[in-house]
There are 2 protein chains.
Amino acid sequence: MNIEELCQRAVQASRALTKTTAAQRSEGLRSIADAITARSSQILEANAVDLANAREMGLSKSMIDRLALDEMRVAKLASAVREVSNLKDLIGETVSENRRPNGLLVSKVRIPLGVIAMIFESRPNVTSDAASLCLRSCNAVILRGGKEALQSNLALGEAIRAGLEKAGLPIDAVQVLSTTDRAAMQELLQQEASIDLVIPRGGEGLIRYVSANSRIPVIKHYKGVCHVYVHKDADLEMACRIAENAKASRPGVCNAAETILIDEAIAARFVPMVCQTLTDAGVEIRGDAQTQELAGVPVKQATKADWHAEYLDTIVAMRVVADFDAAVAHIQQFGSNHTEAIVSGNSAITEQFKAVVHSSTVVVNASTRFADGGELGLGAEIGISTTKLHAYGPMGAEGLTATKFVVQGDGQVRT
Amino acid sequence: MNIEELCQRAVQASRALTKTTAAQRSEGLRSIADAITARSSQILEANAVDLANAREMGLSKSMIDRLALDEMRVAKLASAVREVSNLKDLIGETVSENRRPNGLLVSKVRIPLGVIAMIFESRPNVTSDAASLCLRSCNAVILRGGKEALQSNLALGEAIRAGLEKAGLPIDAVQVLSTTDRAAMQELLQQEASIDLVIPRGGEGLIRYVSANSRIPVIKHYKGVCHVYVHKDADLEMACRIAENAKASRPGVCNAAETILIDEAIAARFVPMVCQTLTDAGVEIRGDAQTQELAGVPVKQATKADWHAEYLDTIVAMRVVADFDAAVAHIQQFGSNHTEAIVSGNSAITEQFKAVVHSSTVVVNASTRFADGGELGLGAEIGISTTKLHAYGPMGAEGLTATKFVVQGDGQVRT
């Protein structure tokens, strides 16, 4: 496989896409959904090959579960693509407009980025999710998944390309790399002239590797060390519910809480409540000395490493803080710019929290688990950025676009 | 100088800035303008040292002119800062808002990027321009100018910091590196944990060096190979005026036209007109065979290198194209995503041009020279981005901000 040629085909496809209408792209997405359904048995056969290899390689049960498709899951992939076909098409939208004193009309108009490279680990659903969001935003995409899912990704890619072809759209708008060689990926990451954006999705190791090796802009999501801060004026029942939901409803995801901060003024009442609730939910607590003293249930001693930890597990760190400023200082020192929640009935305090905490999602009186493209109303999510450039927080179709300046004149020259 | 400590101070200052109000930042900008005026003589003394060194080093006359300050120029620096103090403060602005079915109110709120590093060549005005735009957008900035202007930049930096101090703002919001060592710059470019964005301003060499050596996101502006395309339905008088203005009004700037494309259908009438006009304006023309044949004035033969060239001089390339598609194909192949203009009275054609040309500024019936932050209504400009990530085209205060998600609930948890 010649990576440079593949990238050139992506550039050509992205240019051809800019000549299509929103209606044609919607039709293309429906056609892709149909093709995935029609090719369900081929996709499952390919997946069976991946699964057999995975068992031979001794992959963990949870890894195999993430890899496995069945008819129901394939149907879900198709219906997710169909949902994206119903999202608003943003391309060509005028974002702002101003008339200059010399009569020039200056607009900012939304355009696609061009060519996206998506580098991900073993879940095959990323193939169809990313392809559909890229087509919705009029971008060509190059997909490089993990080696465990290679056959599944290729079969899905073929279905997607068949759908594009049937709808009269350029098939090279979606290309799946047929190799998972590191060398091929490295070459891909050097194609600055063709690729506009690289999105790595997976563990911190993958993301660091991609950022370190790319000459192309990368959207990074390193980790989610999310906090729930329970202020002294919180409704403590609400705070308890939110803390439990934020940690225990799905501990392995990036928007799960990892640290709970509690104002000293309410610690004597709140620490035992929340520790009992979390312990009942099967969560291990690692606390500072005050937490250990007040908990009423067994609490391990937290070390500094716990304040930094993204457990992604049924473990939570807990710390009693002097006041609002100490809570914010803790978040600024140890947070990862993902999501922080405050629970407080004092609106002066919640406004201050919203003003000074600059994590990508700041939540007042609700669970950190809402930091998700679907929950925030983006329709679908291609990733979550924890760096502020270009996109910050959950990133949907809009994050795959840019704006250009359009200047309409009637002969103006500059004096 | 310890670069890491300097960056830490910038982070602290950027956090302190987020606790200030828009009115305080406006007051800070006025205070900086006053301080520049008050320290005019110190700034000029420092500039005299730079100028003496520059003459000793045998710098060119135009380089020395760009470096030189006098009382009038210092007054202009101060008044530019004062103008920025009148720009709208964007921080805290709610960009969009939607109510979710579960009652959550999801907003996108504008925030500063944090810490900006600005790396630039010898014009000292960049010091005060960049510092003021960064303060307007509530960011801390680290400035690393060229060695030729070091004393001037340091003196300006001291004035700016005096202005900040007088207004009660953190002085480390603006820091000028006291060395222009490459080693110090390299270390600066590795401070991913503290710096959010690097903006290099200068020649292509500087920009390539910074992008190749930075682990931090970089806003790139490689070059401006701007086109004027004269469509067959153009008002030819207007087209002539626009071509002349785009090339000859200031040939050395990045928004000057470098290539003029002319529809074959009007070539026999337009080529001699525009060639005469440009020749009268002192511009050397390098054309394809058809241009040479039709020009009526001496035209050098263009080679492929001319289609790629950013002359930044009184030279222009000229090519006769078959039609609209050929013009767009030329722009896509040789353009640099800076600015392209079309001249045509056919609105179906100009709409198509606006839709398919994705350069950062697309101009209809006006000069490419309008691709400038001031002319487009941004108030002031910190640079021009020719890559689509984060900012595209002229970049003002808004380009130095990001948006975060703010989620207001009343106890919602995720089911």
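No lab work stands behind these numbers, since they all come straight from the coordinates. Owing to the predicted nature of the structure, the values given are computational and were not obtained by experimental measurement. Cβ sites come from the backbone with ideal geometry, for glycine too, and all protein chains shown count toward neighbours.
Sorted from nearest, the other copies put their residue A:351 label points 4.7 nm away, the label point being 7 Å from Cα in the direction of Cβ.
Apply the a/c threshold of 1.5 to the C-alpha gyration tensor of the stretch A:228-324 and tell me whether it is rounded, prolate or oblate. Rounded is the answer for the stretch A:228-324, as its axis ratio a/c remains below 1.5. The packing ranking, built from the mean of other Cβ atoms within 10 Å per residue, places the peptides A:354-366, A:214-226, A:23-35, A:275-287 in the order A:354-366, A:214-226, A:23-35, A:275-287, highest first. Projecting label points 7 angstrom from Cα along Cα→Cβ for residue B:284 and residue A:55 puts them 7.4 nm apart.
Taking amide H as placed 1.01 Å from N in the peptide plane, residue B:229 has its amide H under 5 Å from the amide H of B:261, B:341, B:342, B:343, each at least 5 places away in sequence or on another chain. Given a Förster distance of 56 angstrom, what is the FRET efficiency for residue B:79 paired with residue A:249, based on the Cβ-Cβ distance and rounded to 0.05? Computed FRET efficiency for residue B:79 and residue A:249 comes out at 0.45. Note that the stretch B:94-172 shows a convex hull volume over its alpha carbon atoms of 106 Å³ per residue.
Distance from the C-alpha centroid of the stretch B:94-140 to that of the stretch A:337-415: 12 Å, rounded to the whole angstrom. Distances between copies at residue B:374, taken between label points 7 Å from Cα along the C-beta direction, are 5.2 nm in increasing order. Note: the stretch B:275-407, Cα convex hull, 152 Å³ per residue. At each listed q (0.14 Å⁻¹), what is the log10 of I(q)/I(0) that the Debye formula gives for chain A modelled as equal alpha-carbon point scatterers? The Debye formula, applied to the Cα set alone, gives -1.19. Helix B:125-136 against the longest principal axis of chain B: what's the angle in degrees, Cα atoms only, rounded to the nearest 10? The answer is roughly 60 degrees.
Measuring from the axis that maps chain B onto chain A, the chain B residue with the nearest beta carbon and its rounded distance in angstrom come out as B:390, 2. FRET efficiency for the pair residue B:333 and residue B:186, taken as 1/(1 + (r/R0)^6) with r the Cβ-Cβ distance and R0 = 22 Å, rounds to 0.05. Within 10 Å of the Cβ of each residue in B:391-404, the mean number of Cβ atoms contributed by other protein chains is 3.
Normalising by residue count, the stretch B:171-255 has a Cα convex hull of 159 Å³ per residue.
Helix B:150-166 sits at what angle to the longest principal axis of chain B, using alpha carbons and giving 0 to 90 degrees rounded to 10? Here the helix axis deviates by roughly 50 degrees. Label-to-label distance, residue A:269 versus residue A:322, with points set 7 angstrom from Cα along the beta-carbon direction: 2.3 nm.
Return the FRET efficiency for the residue pair residue A:346, residue B:41: r is the Cβ-Cβ distance, R0 is 60 Å, and the value is rounded to the nearest 0.05.
Efficiency computed from Cβ-Cβ geometry: 0.70.
Between helix A:71-85 and chain A there is an angle of about 80 degrees, using the helix long axis and the longest principal axis of the Cα atoms. Mean sequence separation of contacting Cα pairs (under 8 Å, at least six apart), scaled by the length of the stretch A:226-374, corresponds to a relative contact order of 33 percent. Per residue of A:373-380, other chain Cβ atoms within 10 Å of the residue Cβ number 3 on average. Averaged over peptide B:360-372, the number of partner chain Cβ atoms lying within 10 Å of each residue's Cβ comes to 6. Scaled against the 2.2 N^0.38 Å expected of a compact globular protein of N residues, the Cα radius of gyration of the protein assembly as shown reads 1.01. Of B:211, B:374, B:101, which is farthest towards the positive pole of the protein assembly as shown's charge dipole, taken about the Cα centre with +1 and -1 on the beta-carbons of Lys, Arg and Asp, Glu respectively? Positive-most Cα among the choices belongs to B:101.
In a shell of Cβ-Cβ distance under 11 Å around residue A:181, excluding residue A:181 itself, what net charge do Lys and Arg (+1) and Asp and Glu (-1) give? Cβ neighbours under 11 Å give a net charge of +2. Quick check for you: which residues of the stretch A:137-170 have the amide N under 11 Å from the point 7 Å beyond the Cα of residue A:2 toward its beta carbon? Residues passing the 11 Å test: none. In the structure shown, do any of B:61/B:223; A:354/B:76; A:223/B:220 have a Cα-Cα gap over 31 Å, and if so which? Pairs exceeding the cut-off: A:354/B:76. Peptides A:74-82, A:243-251, ordered by how many other C-beta atoms sit within 10 Å of their residues on average, highest first, read A:243-251, A:74-82.
Helix-only mean residue ellipticity at 222 nm, chain B, DSSP H runs n ≥ 4 weighted -39,500 (n - 2.57), per residue, nearest 500. What is it?
-13500 deg cm²/dmol
When residue A:411 is represented by a point 7 angstrom out along its Cα-to-C-beta vector, the spacings to that point in the other copies are 6.9 nm, nearest first.
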